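The values are calculated or read from the model by the stated rules, or taken from the named source; none is laboratory data. Given the structure is predicted, the values throughout are model-derived calculations rather than measurements. No Cβ is skipped: glycine too gets one built from the backbone with ideal geometry, and neighbour counts run over all protein chains shown.
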Amino acid sequence: MLETLFYIVLAFVAALAIALTCDLSGLLVTFFPDLSSHKSYKTTAMGLTKSGNGLAKADFKASEDPPGWFGKVRVDGELWNAISDGVNGPPVEGDKVTILDVDGLTLRVERLEPTALPE
C-alpha cells in the first residue's frame, strides 16, 4: 500500500515538473526571443513584421469576399494566405510582394515589381 502511494506521488511530481518546465521555456522564449532557434512568425502571425517581403507562389485569383486578389506567398520559408488590393496589379507567380498588414493568418500584401510580359 505504501509502495503504491509512493509511485502515485512520484508520478504527480514528475508530471508537475514537466508542466513547469514547459511553461518556463515558453516564458523564456517570450521574454528572451534570442534564446529561441525559431523566429516568432513561424508559430504566430503576431510576430510577423510589416514591410517585410515575400514571394508570390502562384497567380492571385479574384476574390469577392473579401474583395481583392487572393493567393499564397512565401515569407522566409513559410507559406501564407495573402490578399492584395491589386493597386500595382494582381501578383503573379514569382512576383516580389511587401507585407502591408497581418489579419489573423492572412497577410495583406502589395506587389513590388511587375512581371515582365513575354514578347
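In region 82-100, what residues are in a loop (DSSP other than H, G, I, E, B) and either at pLDDT 90 or above or on the phi < 0 side of the Ramachandran plot (or both)? Answer for region 82-100, where residues must be in a loop (DSSP other than H, G, I, E, B) and either at pLDDT 90 or above or on the phi < 0 side of the Ramachandran plot (or both): D85, V87, N88, P90, P91, V92, E93, G94, D95. Scanning region 79-98 for residues that are touching a residue at least 40 places away in the same chain (Cβ under 8 Å), surrounded by fewer than 21 Cβ atoms within 10 Å (Cβ to Cβ) and touching a Ser or Thr at 6+ places or on another chain (Cβ under 8 Å) turns up just one, T98.
Going by what's in this entry, would L107 be described as assigned to a strand (DSSP E or B) and modelled with pLDDT under 90? Answer is no for this residue.
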